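Scroll down for the structure; my scribbles are underneath it.
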Amino acid sequence: MIVRKSMGRASTLLLVLLALGFFFATYNLLTMIMHNRGSGLGNWITDDFDVFDPITRMTKETKKVGNHNLYFHVALTATDAPYSQWQCRIMYYWYKKVKDMPGSEMGGFTRILHSGSPDSLMDEIPTFVVYPLPDGLDRGYIVLNRPWAFVQWLEKATIEEEYILMAEPDHIFVNPLPNLAHGGHPAGFPFFYIKPADNEKIIRKFYPKEKGPVTDVDPIGNSPVIIEKSQLEDIAPTWMNISLRMKDDPETDKAFGWVLEMYAYAVASALHGVQHILRKDFMLQV
């Protein structure tokens, strides 16, 4: 009789623990869903394994739209400083390593050199020379030359691919990269420190309320981004002008600091009605 009572008590305790465990698991899942829905990250979707993905904005059906076999041109801006040259050589080495591997949709490569004159890597890395901003206009923030460099390159260069990957010299390709963009939906990496909603007062200086909710401004920078060439041709001049306006505004300059130009690209894209597929798997940060 004692044994039977002990077993009965153990069974009851087990059921209670299981019920509590199920309750907390369900509560946490629902809380996470509501949190992500309220954070402006877009719609939830299921991937091929039916796992919720709170980052990607697109449904399965939308992701299938467009010719996914289009190649993209890899473009990065750089200076002629020794450190920048060293980074570019490493990046270009790994680009060549993975470019022709299975699964790659990588096309040509261009280092957009915004020093205004050729340097010692011209014969080693495909390079297009453009001019820097006029003296003093960048106010010591050399990254402002980046959107201006893209404006010049897009206007003057012959680019065969219909898509462009905006990369940076400190990026390294560890795997062959497919075209993550889909038609008019470019792909970008969501940065945890780009928070348009948390900086709405400042964002509204450049993205007025009549344009739409502040959540239309993606939590991204311009790199890495894979985008249609025609879209970038429209966005680049706005990106350049917004960057200069932000730098010229003391409050914005102080709030955004070294990521100012990243915010400028996000705002410029939103002004053109462009929203990005947010891919956490686009890049690893170390």
Check S117 against each of (1) loosely packed, with under 14 Cβ neighbours inside 10 Å; (2) modelled with pLDDT of 50 or more; (3) out of contact with any strand residue (DSSP E or B) (no Cβ under 7 Å at 6 or more places or on another chain) and name the one condition it does not meet.
(3)
With the requirement that a residue be assigned to a helix (DSSP H, G or I), farther than 21 Å from L137 by Cα and over 11 Å from the mean Cα position of the chain (by Cα), what does segment 262-286 give you?
S269, A270, L271
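Consider segment 170-209. How many of its residues are touching a residue at least 40 places away in the same chain (Cβ under 8 Å) and not in a loop (DSSP other than H, G, I, E, B)?
Of the residues in segment 170-209, the ones touching a residue at least 40 places away in the same chain (Cβ under 8 Å) are 170-191, 193-194, 196-197, 199, 202-203, 205-207.
Restricting the remaining residues to those that are not in a loop (DSSP other than H, G, I, E, B) gives 182, 185, 187-188, 197, 199, 202-203.
So the count comes out to 8.
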Report whether or not T127 is among the hydroxyl-bearing types (S, T, Y) and either touching a Phe, Trp or Tyr at 6+ places or on another chain (Cβ under 7 Å) or at positive phi (or both).
no
Is there a residue being within 30 Å of T158 (Cβ to Cβ), free of Cβ contacts under 8 Å to residues at least 60 places away in the same chain and outside any loop (DSSP other than H, G, I, E, B) anywhere in segment 240-261?
yes
Flag if N175 is at pLDDT 95 or above and assigned by TED's automatic domain parsing to the domain that holds E261:
no
Using the structure shown, decide if S269 is small (G, A, S) and more than 19 Å from P190 (Cβ to Cβ).
no
Hey, I112 hits all of (1) touching a helix residue (DSSP H, G or I) at 6+ places or on another chain (Cβ under 9 Å); (2) without any contact (Cβ under 8 Å) to a residue 24 or more places away in the chain but one; which does it fall short on?
(2)
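Yes or no: V143 at pLDDT below 95, of a type outside the set (G, A, S) and either within 25 Å of the chain's Cα centre (by Cα) or part of a helix (DSSP H, G or I) (or both)? Even if it seems obvious, please write down each step before you answer.
Working: at pLDDT below 95: yes; of a type outside the set (G, A, S): yes; either within 25 Å of the chain's Cα centre (by Cα) or part of a helix (DSSP H, G or I) (or both): yes.
When the stated conditions are applied, V143 passes them.
The values are calculated or read from the model by the stated rules, or taken from the named source; none is laboratory data. Remember, predicted model here, so these are calculated numbers, not experimental data. Note that each Cβ is placed from the backbone with ideal geometry, even for glycine, and that neighbours are counted across all protein chains shown.
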